[in-house]
Structure formats: C-alpha cells, structure tokens
Amino acid sequence: MTNRRNFLKGSLLAAAGTLMASRVKSAVEPKSPTIKNKPMVISTWIHGLEANEASIECMANGGSCTDGAEAGVRVTEADPDNMTVGIGGFPDRDGNVTLDACIMDPTGNCGSVTFLQHIKHPISVARKVMDETPHVMLSGSGALQFALECGFEKENLLTDKAKEAWEKWKVESKYKPVINIENHDTIGLITRDHNGDLAGACTTSGAAFKMHGRVGDSPVIGAGLYVDNEVGGACATGMGELVLKTLGTFLVVEFMRQGKHPQVACEEAVMRIVNKLPDYKDFQVGYCAMNKAGEYGAYCIHPGFNYALHKDGKNTLIDSDSYLK
Ligand code: ASP
C-alpha cells in the first residue's frame, strides 16, 4: 500500500513536473504569428449553443482546443436548470446524483471520471486526471477523494426541481431506463483551435433514475468521446448502453480515418447499432463529428436530436438527420 502510494505520489510529482515544464514552455514560446484556422466547435443539443460560445471565447483568448473543450461544457455543468448534466442533473433511482465525464487532448492523452458524486464540474476533475496523474479513469469514492485533494468543493447537486421529479418518478418506479429526449441530454463537444488541433469533452448525469452504480458511455474513451488529432473527433449522446456495445465514437473516427466524410461516418456508426442491436428502435442515439479539415456531420436513430455548430463566427442549432423518420 505504502509502495503504491509512493508510486502514485512519485508519478503525480513526475506528471506535475511534466505539466509545469509544458506550461513554462508554452509561456516562453512565441504565439504563432499567423492565425491558420478560425476556431470551430460542434456540440450536442440546444445547450451546446451556450457551451460553444464559452468555448470559442476561451480559444479566442489564447486557450488551446483542450481548454476550449473544458470551458465549453463547464457552462452546461454549472446550469442548475439543465437536468441532465452537472448540478441539477436527475438522480439515480435511489436519489443520488452521480456524474460521468471525460476529456481528450490532441496528443491522444485523456482523462475520465465515472460515478462521481458531490462535485459540480466532473469535466475539470477528468482534466486533472489527464494532466496530473498517470491514469486515465478514476471512479466513485476514489474519484471524489482525488477531486477533494485537488481542491474541488463538495456540494449538494440534487436541486429541489430534480428531487421533485425523482419523487414523482418513485410513484411508479419503473426501473427500465426509458431513454428519450426528455430524460437524457449529455453534452459532448469537439473543438478545433487556431492551430487546427482537435480536442473534445463529454459530461453527463447519465440516464435519469438509473440503477445506482450505473455508468454509461459518456466517460468511456471511444464510446462517448474519441479524438484523433490526425483524423477528427466524435461525441455521442443517447442510450449509453448501445454506444458502449458498439464503441460508437471510436468507430466514427475510424470511419473518418478511412476517408469517409464525418456525415457518412456518423451514419455508418448508427447503422452498426441498427444492424447489431435488435432493440435499437426503443432508444435514441445521436453522434456528431468533425474532421481535421473542419468538415462536420451528425446522425441519430430517432428524429429529435440536434446539435450546435460554431463556424465562421456563427453559432447555429441544426437538426440532425435520422435513420427512423
Ligand atoms: N449517453 C448518456 C448515458 O447513457 C445519456 C445521454 O446522452 O443522454 O449516460
């Protein structure tokens, strides 16, 4: 145990050293004199509009694509009226708000927290896991312990509104997760910065009234989010189990690697679900993606999924095409 602690401590110190070195390096390196790309952001659902604005602002102020991804989804996490992400999220069937999040940077580094309670900004804890530990994923009480050690504050995340909804749900207590547009809405967000580098973030309270301990696709690298800076990035929303069973966003990125347009890549990843998982009609899944060239696309199973695109200074909500009409 002591050895492991020492190992972790040593690794953390080493990681912190590397981080500081990279921060010092970026502080002394001159900024690129020519702006090669206008930053661009794509994200899931209508709450993506506000997230995109924060993300673009962060990158306009010199933030990297990773900073932009984190800054964007933090807006959604902090909104108590958003009942599917961060504070105010619907609880599980026992009344606990448990959060999942992950982040991925252009070097292929990534961090994730699952089943995290009491912390409003799981994405920033995931970022710390990525930047300051030798690990990718921390879960449950270990993730909470790490968050507290990093200085995050413990908060009550169950708002009166979410508690009321949970109490209403308890009257019938249907444990089968009914995932449709009303009770889920992860934010997944992909950024491209001035240098053309790609990053992504994904954060959620998961399926409303889920079983205690249930973790969905959103914090799983390759399921809820995947980014390859040479190719593109993709994020997912909807019934996490379907996305997990097909490693959806990894698939989208691999299709893009084969030269497919992001739109086609999203369609083929949805078709993988349709062809492999017989219960697909009962659930929604939506993907959105952006490639290195700034081309984008989205697709979903049922009509109703939309995504926010910030491109060339315009922030627009777009209805995704769907497999079922
Ligand atoms: N994908 C999330 C989950 O299954 C939910 C959602 O996107 O709405 O946890």
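Each reported figure results from applying straightforward, stated rules to the coordinates on display, with no laboratory input. This one's a predicted model, so the numbers in the text were calculated from it and none came from an experiment. Here the Cβ is made from the backbone with ideal geometry for all residues, glycine too, and neighbour counts use every protein chain on show.
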Revision key, fill the gap. Expected unfolding gain across N156-D319 under the 0.36 nm per residue rule, minus the alpha-carbon gap, is 55.2 nm
Check your understanding: Put +1 on the Cβ of every Lys and Arg and -1 on every Asp and Glu Cβ in the chain; which of C202, S141, G62 then has its Cα farthest towards the positive end of the dipole?
Key -> S141
**Study point:** Sites matching chymotrypsin sites (Phe, Trp or Tyr not before Pro) across the stretch 58-160 that sit in DSSP coil, with at most 16 neighbouring C-beta atoms within 10 Å
**Key:** none
Practice item. Could you work out which residue, out of E268, E77, E153, moves most in a Gaussian network model of the chain, that is, has the largest mean-square fluctuation with Cα springs under 10 Å? Key: E153
Exercise for review: Sort the stretch 167-325 into rounded, prolate or oblate with this rule: let a ≥ b ≥ c be the square roots of the eigenvalues of the Cα gyration tensor; rounded if a/c is under 1.5, and if a/c is not under 1.5, prolate when a/b is larger than b/c, oblate otherwise.
Suggested key: prolate
Review point. What is the total of Lys pairs in the stretch 114-260 with C-alpha atoms under 20 Å apart, excluding same-chain pairs fewer than 8 positions apart?
Key: 20
Study note, to complete from the structure: A correct fewest-to-most ranking of R93, R257, R192 by other Cβ atoms within 10 Å would be R257, R93, R192
Practice item. Determine the dipole magnitude for the stretch 92-224: charges of +1 sit on the beta-carbon of Lys and Arg, -1 on that of Asp and Glu, nothing else is charged, the reference point is the Cα centre, and the result goes in debye to the nearest 20. Key: 420
Check your understanding: What list do you get for I318, I119, I190 if you sort them by fewest beta carbons within 10 Å?
Key -> I318, I119, I190
Study note, to complete from the structure: Distribution output for the stretch 130-259: share of Cα-Cα pairs per 5 Å bin in percent, first bin at 0, values 2, 9, 15, 18, 18, 16, 12, 6, 3, 1, 0
Review point. Convex hull over the alpha-carbon atoms of the chain: what's its volume per residue in Å³?
Key: 129
Check your understanding: Using the Cα gyration tensor of the stretch 71-213, with a ≥ b ≥ c the square roots of its eigenvalues, what is the shape: rounded (a/c below 1.5), prolate (a/b larger than b/c) or oblate (neither)?
Key -> prolate
Practice item. Output the relative contact order of the stretch 126-265, whole-number percent, from Cα pairs under 8 angstrom with separation of 6+ residues. Key: 16
Study note, to complete from the structure: Ranked on Cβ counts within 10 Å of their own Cβ, fewest leading, D67, D92, D160 go D160, D67, D92
Check your understanding: Tell me, what is the percent relative contact order of the chain, built from C-alpha pairs under 8 Å that lie six or more residues apart?
Key -> 20
Revision key, fill the gap. For K168 and E230, extending 7 Å from Cα along the Cα-Cβ vector and measuring point to point gives, in nm, a value of 5.0
Practice item. Per DSSP H run of n ≥ 4, the term is -39500 (n - 2.57); total these for the chain, divide by its residue number, and report the mean residue ellipticity at 222 nm rounded to 500 deg cm²/dmol. Key: -12000 deg cm²/dmol
Exercise for review: Beta carbons within 10 angstrom, averaged per residue: use that to sort the peptides 209-221, 53-65, highest first.
Suggested key: 209-221, 53-65
